[in-house]
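The values are calculated or read from the model by the stated rules, or taken from the named source; none is laboratory data. The structure presented is a predicted model; accordingly, all values stated were derived computationally and were not measured. Because the Cβ atoms are built from the backbone with ideal geometry, glycine has one as well, and the counts that use them run over all protein chains shown. Remember, those area values only see protein heavy atoms, side chains included, never the ligands or the DNA or RNA. Shrake-Rupley method; radii C 1.70, N 1.55, O 1.52, S 1.80 Å.
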Amino acid sequence: DLHSFPTRRSSDLEEEARQANFDKVLATLKHVRLDYGLTTAMLREGNAIFNVLLSLHLYQALPQLLPKTTIEFVATLGVPCRKTIELRNPAPRPVKYDVVLEGSDDFKLAVTTLTLDPRGVAEFPVELQPRFSKAVEARLTFYADSGGSPTASTIVFILTSNVVSRKPVQTLELPTQC
């Protein structure tokens with residue numbers, strides 16, 4: 001008998017779908033460090049002033065997450081390739097960055113934080129250890145740590161590998177007679 005099975009109303013399903021969407025939005029904002037303490041209740045409330053402020057915040061912050069450029073690592077298979085990224089701080093106060101690398105495990109970071117002195121310059125090393133000849137990609141993000149002061153911009157780079165040769169497995173020198 002089909003009527004003996006408990007059924008769920010469509011409004012219950014819609015509410016679960018809304019809750020799942022709110023959770024996804026909050027998780028995404030937290031992942032890109034734009035959540036600033038949002039809760040599901042704040043999103044659910046739908047207050048017009050809150051929505052305008054959230055939209056303005058996203059309008060100003062999301063373009064920073066677009067990559068500034070692509071950095072290509074031209075390498076030999078199995079041989080480490082290292083590059084440095086030069087960052088400048090034009091501000092009269094120090095800027096601290098938390099650095100996050102997402103993507104291929106072939107790219108490695110020596111450190112995950114960087115502090116730029118006021119009006120200073122710093123070099124940030126990135127290493128590629130190519131394991132395959134096929135190109136791999138990673139996303140390198142410098143998230144500004146506000147520390148209670150006005151925040152510097154988030155900086156994003158795309159890292160790609162370009163393996164152009166292979167390291168020989170073995171080299172033999174054999175004497176011959178002509």
Checklist entry - Just wondering, is there one or more residues in the stretch 94-104 that are among the basic types (Lys, Arg) and either without any contact (Cβ under 8 Å) to a residue 40 or more places away in the chain or out of contact with any Gly (no Cβ under 7 Å at 6 or more places or on another chain) (or both)? => result no
Next on the checklist: For the stretch 154-173, which positions are surrounded by 15 or more Cβ atoms within 10 Å (Cβ to Cβ) and of a type in the set (S, T, N, Q)?
Outcome noted: THR154, THR160, SER161
Next on the checklist: Which pairs turn up if I take residues in the stretch 65-83 that are outside any strand (DSSP E or B) and look for partners that are open to solvent by 70 Å² or more (accessible area, probe 1.4 Å) with beta carbon separation below 6 Å, at least 6 apart in sequence or on another chain?
Outcome noted: GLY78/LYS167; VAL79/LYS167
Next on the checklist: Take the conditions out of contact with any Cys (no Cβ under 8 Å at 6 or more places or on another chain) and farther than 25 Å from SER153 by Cα and apply them to ARG33. Does it pass?
Outcome noted: no
Checklist outcome for this item: (1) open to solvent by less than 20 Å² (accessible area, probe 1.4 Å); (2) over 25 Å from PRO63 (Cα atoms) all hold for LEU116 apart from (2)
Checklist entry - Taking into account only those residues within the stretch 27-52 that are among the β-branched types (Val, Ile, Thr) and loosely packed, with under 12 Cβ neighbours inside 10 Å, which is nearest to the chain's Cα centre (by Cα)? => result THR28
Checklist entry - Inside the stretch 15-39, can you point out the residues that are in a helix (DSSP H, G or I) and modelled with pLDDT under 85? => result GLU15
